1. When the range 40-60 is examined, which residues are found to be of a type in the set (Ser, Thr, Tyr) and more than 17 Å from Ala73 (Cα to Cα)?
2. List the number of the failed condition for Arg20; all other conditions in (1) modelled with pLDDT under 90; (2) exposed (fewer than 10 other Cβ atoms within 10 Å of the Cβ); (3) part of a helix (DSSP H, G or I); (4) not polar (S, T, N, Q) hold.
3. Within the bounds of the range 29-44, is there any residue that is at pLDDT 90 or above and open to solvent by less than 90 Å² (accessible area, probe 1.4 Å)?
4. Of all residues in the range 45-93 being among the hydroxyl-bearing types (Ser, Thr, Tyr) and in a helix (DSSP H, G or I), which is least open to solvent (accessible area, probe 1.4 Å)?
5. Restricting the search to the range 31-67, which residues are charged (D, E, K, R) and under 19 Å from Gly80 (Cβ atoms)?
Amino acid sequence: MEDTLDTRWWGLLPAAKRHRWLGPVIKGLLERRELVHGASWSVIAAIVARGSNVLAMILCARLLPQESFGQVALIQTTVGTFGPLAGLGLSSTT
């Protein structure tokens, strides 16, 4: 990642990183950039997961009889309610 910044800034980045007060600023910007990059992938993953869940429920609604779809929706609601509660207990062990 620093190589692309070096070429973009015409090789001035190594000298700026050694600077007394500019070095920490550049380091912070690079870390912030990595944080935003990682967070954007997490947001994309959450959108894809929820979108696929909606598509699966639409497919179930079309293919299953009304009573069976009601059972599937009840199970999904129960898992969606108690899943986060179970996750709370696991976070204390890690």
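The values are calculated or read from the model by the stated rules, or taken from the named source; none is laboratory data. Since the structure is predicted, the reported quantities are computational estimates derived from the model, not experimental observations. All Cβ positions, glycine included, derive from the backbone under ideal geometry; neighbour counts span all protein chains shown. The accessibility values were calculated without ligands, DNA or RNA, using every heavy atom of the protein model including side chains. Shrake-Rupley method; radii C 1.70, N 1.55, O 1.52, S 1.80 Å.
1. Hits for the range 40-60 are Ser40, Ser42.
2. (3)
3. Yes: the range 29-44 contains one or more residues that are at pLDDT 90 or above and open to solvent by less than 90 Å² (accessible area, probe 1.4 Å).
4. Ser68
5. Residue satisfying the conditions is Arg50 alone.
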